[in-house]
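*Asks:* Below is one structure. I have some questions about it.
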Amino acid sequence: MKKVISLVLVALVAMAIFAGCGGNGGTTATGKDVNLSAVLDQINTDNSLSLEKVTDAKTVKRYYTVEEADMKQFAVEMDKSDPNAPVEIVLIEAKDADAAGRIETALNTRLNSVLSTYTSYTPEKVDMVKACKVTKDGNFVSLIIADNAAAMVQTYQNALK
């Protein structure tokens, strides 16, 4: 009997050790897995968008000054056909809380830059940009600049729940 109890205890300890070794792999505070590419695909479907995907971290850094080391995953698309009025959807999962703070700061800088550009070159869109914002939910940070940004943010936030 003592051997059986010992084996059970060893098995429980082993399970506890292995459970503690895993990362959250794109999970929210509720434990839900979030694939940002799938969320972005849903936003595209819901809003009939066909934007240019950004597939490499170097381009994300160039446009948003977000370091690759700070990102666990990202999904970014933009419409660069009109440089004075770009549509941008940026969804990033940071590696940790500190990285999320840096990403939030970088995306707010980008939003302010876009607002300045719109003010100078596309004043009719300034109110739309002013309605856009950077959101942060745990390690997930987003910036969505588009006419229907509120609905897109809602789709994103629903995926995080």
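The values are calculated or read from the model by the stated rules, or taken from the named source; none is laboratory data. Source: prediction; values computed, not measured. As a convention, Cβ positions derive from the backbone with ideal geometry for all residues, glycine included, and neighbour counts pool all protein chains shown.
*Asks:* May I ask you to say which residue of GLU104, GLU88 is part of a helix (DSSP H, G or I) and either within 14 Å of the chain's Cα centre (by Cα) or small (Gly, Ala, Ser) (or both)? Step through it out loud before you land on a result.
*Replies:* Working: GLU88 fails: part of a helix (DSSP H, G or I).
It is GLU104.
*Asks:* Inspect all residues belonging to segment 25-35 and state whether any of them is modelled with pLDDT of 90 or more and either surrounded by 10 or more Cβ atoms within 10 Å (Cβ to Cβ) or on the phi < 0 side of the Ramachandran plot (or both). Spell out the reasoning first.
*Replies:* Going residue by residue through segment 25-35, those that are modelled with pLDDT of 90 or more are 34-35.
Restricting the remaining residues to those that are either surrounded by 10 or more Cβ atoms within 10 Å (Cβ to Cβ) or on the phi < 0 side of the Ramachandran plot (or both) gives 34-35.
For segment 25-35, residues modelled with pLDDT of 90 or more and either surrounded by 10 or more Cβ atoms within 10 Å (Cβ to Cβ) or on the phi < 0 side of the Ramachandran plot (or both): present.
*Asks:* Out of everything in segment 49-77 that is in contact (Cβ under 8 Å) with a residue 40 or more places away in the chain, within 13 Å of the chain's Cα centre (by Cα) and outside any helix (DSSP H, G or I), what residue ends up being surrounded by the fewest Cβ atoms within 10 Å (Cβ to Cβ)?
*Replies:* GLN73
*Asks:* Out of all the residues in segment 110-161, which are in a helix (DSSP H, G or I), more than 23 Å from ALA97 (Cβ to Cβ) and under 14 Å from the mean Cα position of the chain (by Cα)?
*Replies:* Answer for segment 110-161, where residues must be in a helix (DSSP H, G or I), more than 23 Å from ALA97 (Cβ to Cβ) and under 14 Å from the mean Cα position of the chain (by Cα): MET152, GLN154, THR155.
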